[in-house]
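**Q** Shown below is the structure under consideration.
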Amino acid sequence: MAYYAKRAYCFSPITGITLGQFSAWINTAEQHNPSGSQSSQTVVVRFAGPLLTYSYMCEIEKRQLVAFKNIPEALINSEFYNEKIIHAVETFVAKLKLFRHYGNVYIFTGHGFGGVLALLTAIAFHEATNRNILIDVTTFGEPRIGNSAFARYVDHRISVNRITHSNDHVPLFFPQLRHHSTEFWIPPVTKFDCHCVKNFKNLEIYKCPTAFRIEHEGCSKQFQPPYPELPAENMRAHLGLYFGYTMGPCT
């Protein structure tokens, strides 16, 4: 998924949609079943948005919280949910419906703001289709975007793998908000103390225990300094590496 999230910044296939600062590209991939039965198609949707720099995150902090989908208790930062975002998500979902004959597996991914777009589009697509489909969402360096009620709304509808890296500043902003499940943390290359569960063989990535949407103190949250004293140099960690890929605009 890191490859697709990276390519969202720098590759524009024919199936792409660009709306101002927001972009989505749709690819299909064939999966062969080991049993020899008929192969299936997977639709991969990768998203990109403006880079979440330290200064941009400080500006986002000033935005008000608004109700998500007119649900009074589910609040979300208005930078991540406004008329432009809603229009973009609706456009992406309409485009995705054209691929409904490709099978029952849809993968959504993105980095930073792209991760936010992936999450919101996956929710909208899930609610717009009445088919039995599998939706897989993997985000990289996703910020906190809503309160605990919004996080609960997400967790009750789709499953998300939220990849964080080292001391990335972006997931640490807005401590009054809550992350949804489930965090997978890539630790720094230096020695660290983490009591998380190692989830993958031969990969330095840890599945972080989650209870009632409380972030585990042994994963990325261990780098949360007294807010808002987040060092701007943590931007380097936001760009990766994620499984060998550095995120951000192509050079």
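The values are calculated or read from the model by the stated rules, or taken from the named source; none is laboratory data. For clarity, every value in this text was computed on a predicted model and none was experimentally measured. Cβ sites come from the backbone with ideal geometry, for glycine too, and all protein chains shown count toward neighbours. The protein model used for the area step is the full one, side chains on, heavy atoms only, and it has no ligands, DNA or RNA in it. Shrake-Rupley method; radii C 1.70, N 1.55, O 1.52, S 1.80 Å.
**Q** If you scan the stretch 52-90, which residues turn out to be assigned to a strand (DSSP E or B) and either out of contact with any strand residue (DSSP E or B) (no Cβ under 9 Å at 6 or more places or on another chain) or among the polar types (S, T, N, Q) (or both)?
**A** Across the stretch 52-90, the qualifying residues are 71, 72, 77.
**Q** While we're on this one: Restricting to the stretch 113-147, what's the tally of residues that are within 11 Å of the chain's Cα centre (by Cα), part of a loop (DSSP other than H, G, I, E, B) and within 21 Å of residue 74 (Cα to Cα)?
**A** Going through the stretch 113-147 one residue at a time, the tally reaches 4.
**Q** Are there any pairs with C-beta distances below 9 angstrom linking a residue in the stretch 73-102 that is over 16 Å from residue 122 (Cβ atoms) to a residue that is of a type in the set (Asp, Glu), with the two at least 6 apart or on different chains, and if so which?
**A** As it stands, the answer is 77/61; 79/59, since those pairs meet every condition given.
**Q** In the stretch 82-97, what residues are closer than 19 Å to residue 45 by Cβ and open to solvent by 30 Å² or more (accessible area, probe 1.4 Å)?
**A** Across the stretch 82-97, the qualifying residues are 84, 86, 87, 90, 91, 94, 95, 97.
**Q** Could you please let me know if residue 30 is on the phi < 0 side of the Ramachandran plot, acidic (Asp, Glu) and at pLDDT below 90?
**A** yes
**Q** Looking for something open to solvent by 10 Å² or more (accessible area, probe 1.4 Å) and touching a residue at least 40 places away in the same chain (Cβ under 8 Å) - is there at least one such residue anywhere in the stretch 127-136?
**A** Checking the stretch 127-136: not a single residue is open to solvent by 10 Å² or more (accessible area, probe 1.4 Å) and touching a residue at least 40 places away in the same chain (Cβ under 8 Å).
**Q** On to the next question. Quick test of your reading of the structure: residue 106 fulfils all but one of (1) assigned to a strand (DSSP E or B); (2) under 28 Å from residue 237 (Cβ atoms); (3) in contact (Cβ under 8 Å) with a residue 60 or more places away in the chain. Name the failing condition by number.
**A** Looking at each condition in turn, residue 106 falls short on (2).
**Q** Turning to a different aspect of this structure: On the given criteria, is residue 79 open to solvent by 50 Å² or more (accessible area, probe 1.4 Å) and over 26 Å from residue 241 (Cβ atoms)?
**A** no
**Q** OK, next. Kindly indicate whether residue 169 is open to solvent by less than 10 Å² (accessible area, probe 1.4 Å) and modelled with pLDDT under 90.
**A** yes
**Q** Right, another one. Whether any residue in the stretch 179-192 is on the phi > 0 side of the Ramachandran plot, at pLDDT 80 or above and in a loop (DSSP other than H, G, I, E, B) is what I want to check.
**A** No, there is no match, as no residue in the stretch 179-192 is on the phi > 0 side of the Ramachandran plot, at pLDDT 80 or above and in a loop (DSSP other than H, G, I, E, B).
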